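Visitor: Once you've had a glance at the structure underneath, I'll fire off some questions.
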Amino acid sequence: MSRAYKIALLPGDGTGPEVIREGVKVLGAAANKNNFKLEFVNYDLGGARYLKTGEVLPESMIEEFKKFDAMYLGAIGHPDVKPGILEKGILLKLRFELDQYINLRPVKLYPNVETPLKNKKSSDIDMVIVRENTEGLYAGAGGFLRKNTPYEVATQESINTRFGVERCIRYAFEFAKKRAKNNKLTLCGKTNVLTYASDLWQRTFNDIAKEYSQIKGDYANVDAICMWFIKNPEWFDVVVTDNLFGDIITDLAAMIQGGIGVAAGGNINPEGVSMFEPMGGSAPKYTGQNVINPIAAINAGTMMLDTLGEIEAAKDIDNAVIKALESGKIKSMSAGKMGLSTTEVGDLIASYI
Ligand code: IPM
Ligand code: MN
């Protein structure tokens, strides 16, 4: 009997459905070639649903998602919904409730993709960032005192547990070992100021490093890493960091790999159900025009297959993306400037599988 995977599809808002459509097309081609099946079930989460029904994310849906093999998300965000409602109510809630404690972000410069970094080639920009995805400043700890008075106090605490930090760092060491590129893992923190939180990270990192003699452990402060990602991206192999630092440095990294048109990420629960998404938002101004770049969503699909253990199929998609880019037919990574439509880019990549 052939293998089959159940995938929850969350196309979401704006251009989300357009890029997910192309992702599903390419995933289907890779599944066919490698003799397995993908069964998609659609969920209409997002701003449109919220504006219509007032519902952000029904509790029962979270239980349903636990029965899937993976989740494939387009974009969440609607111009008519106040910032924070959908982000916290859908994206962060799913990460927390499904314990997707790793945010995995490969940063790779593909051929014919323009980087803003002068004199840097594909071989210089090839790293993976492992971001803790359930703790830190995202934990929601804090509150207001005397709100809306001149004496207002707002606190927002960074929660770092030994358990949460350790499982993230352990994942990163295992990842660096499996990746076997430069066998280097850089911890990104701020030990010179955050003498409690970063200290816990550093001690945990040092403890676990003892179990990985083949991996060279390194450390960089987050502000310095922002400089070095620009000046010397070739220094990095795998980088591990906390939730907020990770949020910031992965956007920086997305730009050096050619922008959000290509950058993909995974919200991973290694013991449960993981969710894959393009880094770009819902891009309301391009909605419905068939001009948005679907490559990030397609790359998210590659990560999904990789996590499901369909390594060959994942490689097929990655190679197809490389061939499509090498063909020179895609003129730019930016929406509206590709020289091809969203559909045509999807077709082109699917044709190389
Ligand atoms: C990301 C996004 C989210 C985050 C937002 C939308 C809540 O920026 O996935 O990096 O901050 O984690
Ligand atoms: Mn972000």
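Visitor: For Lys67, indicate whether it is under 24 Å from Thr161 (Cα atoms), of a type outside the set (Val, Ile, Thr) and surrounded by fewer than 20 Cβ atoms within 10 Å (Cβ to Cβ). Give the steps one after another, and end with the answer.
Guide: Details: under 24 Å from Thr161 (Cα atoms): no; of a type outside the set (Val, Ile, Thr): yes; surrounded by fewer than 20 Cβ atoms within 10 Å (Cβ to Cβ): yes.
Considered against the rule, which asks whether it is under 24 Å from Thr161 (Cα atoms), of a type outside the set (Val, Ile, Thr) and surrounded by fewer than 20 Cβ atoms within 10 Å (Cβ to Cβ), Lys67 comes out as no.
Visitor: Follow-up. For the range 236-273, which positions are within 16 Å of ligand 2 (Cβ to nearest atom) and among the small types (Gly, Ala, Ser)?
Guide: Answer for the range 236-273, where residues must be within 16 Å of ligand 2 (Cβ to nearest atom) and among the small types (Gly, Ala, Ser): Gly246, Ala253, Ala254, Gly259, Gly261, Ala263, Ala264, Gly265, Gly266.
Visitor: When the residues of the range 99-121 are narrowed to those that are under 20 Å from Ala335 (Cα atoms) and over 15 Å from the mean Cα position of the chain (by Cα), which ends up most open to solvent (accessible area, probe 1.4 Å)?
Guide: Glu114
Visitor: Applying the selection to the range 104-137, what residues are assigned by TED's automatic domain parsing to the domain that holds Asn160 and not in a loop (DSSP other than H, G, I, E, B)?
Guide: Residues satisfying the conditions are Ser122, Ser123, Asp124, Asp126, Met127, Val128, Ile129, Val130, Arg131, Glu132, Gly136, Leu137.
Visitor: Please work out which one of (1) assigned to a loop (DSSP other than H, G, I, E, B); (2) within 17 Å of Val128 (Cβ to Cβ) is the condition Ile169 fails and give its number.
Guide: Here Ile169 clears every test but (1).
Visitor: From the residues in the range 179-218 that are farther than 22 Å from Asn243 by Cβ and of a type in the set (A, V, I, L, M), which one is modelled with the lowest pLDDT?
Guide: Out of the qualifying residues, it is Ala180.
Visitor: Might you check whether a residue that is open to solvent by 50 Å² or more (accessible area, probe 1.4 Å) and over 16 Å from Tyr72 (Cβ atoms) occurs anywhere in the range 290-300?
Guide: No; the residues of the range 290-300 include none that is open to solvent by 50 Å² or more (accessible area, probe 1.4 Å) and over 16 Å from Tyr72 (Cβ atoms).
Visitor: I've got another one for you. All but one of (1) hydrophobic (A, V, I, L, M, F, W, C); (2) in contact with a Pro (Cβ under 8 Å, 6 or more places away or on another chain); (3) closer than 15 Å to Glu22 by Cα hold for Ile322; state the number of the condition that does not hold.
Guide: (3) is the only condition that Ile322 fails.
Visitor: Pro58 fails exactly one of the following numbered conditions: (1) free of Cβ contacts under 8 Å to residues at least 24 places away in the same chain; (2) at positive phi. What is the number of that condition?
Guide: (2)
Visitor: Please work out if Pro233 is farther than 19 Å from Gln100 by Cα, away from ligand 2 (no atom under 15 Å from the Cβ), surrounded by fewer than 23 Cβ atoms within 10 Å (Cβ to Cβ) and not assigned by TED's automatic domain parsing to the domain that holds Glu157. Give the derivation first.
Guide: Details: farther than 19 Å from Gln100 by Cα: yes; away from ligand 2 (no atom under 15 Å from the Cβ): yes; surrounded by fewer than 23 Cβ atoms within 10 Å (Cβ to Cβ): yes; not assigned by TED's automatic domain parsing to the domain that holds Glu157: no.
Spelling it out, it is not the case that Pro233 is farther than 19 Å from Gln100 by Cα, away from ligand 2 (no atom under 15 Å from the Cβ), surrounded by fewer than 23 Cβ atoms within 10 Å (Cβ to Cβ) and not assigned by TED's automatic domain parsing to the domain that holds Glu157.
Visitor: Follow-up question, since we're still on this one. Given Ile90, Ile102, Ile85, Ile76, which one is within 16 Å of ligand 1 (Cβ to nearest atom) and closer than 23 Å to Val222 by Cα?
Guide: Residue meeting the stated conditions: Ile102.
Visitor: I'd like to verify a number: residues in the range 274-283 that are modelled with pLDDT of 95 or more and either surrounded by fewer than 18 Cβ atoms within 10 Å (Cβ to Cβ) or assigned by TED's automatic domain parsing to the domain that holds Lys67 (or both), how many?
Guide: Selection size over the range 274-283: 0.
Visitor: Right, Gly265: crowded, with 24+ Cβ neighbours inside 10 Å and touching an Asp or Glu at 6+ places or on another chain (Cβ under 8 Å) or not?
Guide: Working: crowded, with 24+ Cβ neighbours inside 10 Å: yes; touching an Asp or Glu at 6+ places or on another chain (Cβ under 8 Å): yes.
Yes, satisfied.
Visitor: Could I ask something else about it? Say whether the condition of being within 29 Å of Val238 (Cα to Cα) and part of a helix (DSSP H, G or I) is met by at least one residue in the range 139-148.
Guide: no
Visitor: Still on this structure, I have one more. Any chance the range 81-98 includes a residue that's of a type outside the set (Gly, Ala, Ser), open to solvent by less than 80 Å² (accessible area, probe 1.4 Å) and more than 18 Å from the chain's Cα centre (by Cα)?
Guide: Checking the range 81-98: at least one residue is of a type outside the set (Gly, Ala, Ser), open to solvent by less than 80 Å² (accessible area, probe 1.4 Å) and more than 18 Å from the chain's Cα centre (by Cα).
Visitor: Among the residues of the range 239-255, how many are away from ligand 1 (no atom under 12 Å from the Cβ) and surrounded by fewer than 20 Cβ atoms within 10 Å (Cβ to Cβ)?
Guide: Final tally of qualifying residues: 1.
Visitor: Name the helices (runs of 4 or more DSSP H) wholly inside the range 217-336 in which the number of residues that are over 18 Å from the mean Cα position of the chain (by Cα) and touching a residue at least 40 places away in the same chain (Cβ under 8 Å) is 3 or more.
Guide: Here the list reads 311-326.
The values are calculated or read from the model by the stated rules, or taken from the named source; none is laboratory data. Here the structure is a predicted model, which means the values were calculated and not measured. No Cβ is skipped: glycine too gets one built from the backbone with ideal geometry, and neighbour counts run over all protein chains shown. All accessible areas refer to the heavy atoms of the entire protein, side chains included, with ligands and DNA or RNA removed. Shrake-Rupley method; radii C 1.70, N 1.55, O 1.52, S 1.80 Å.
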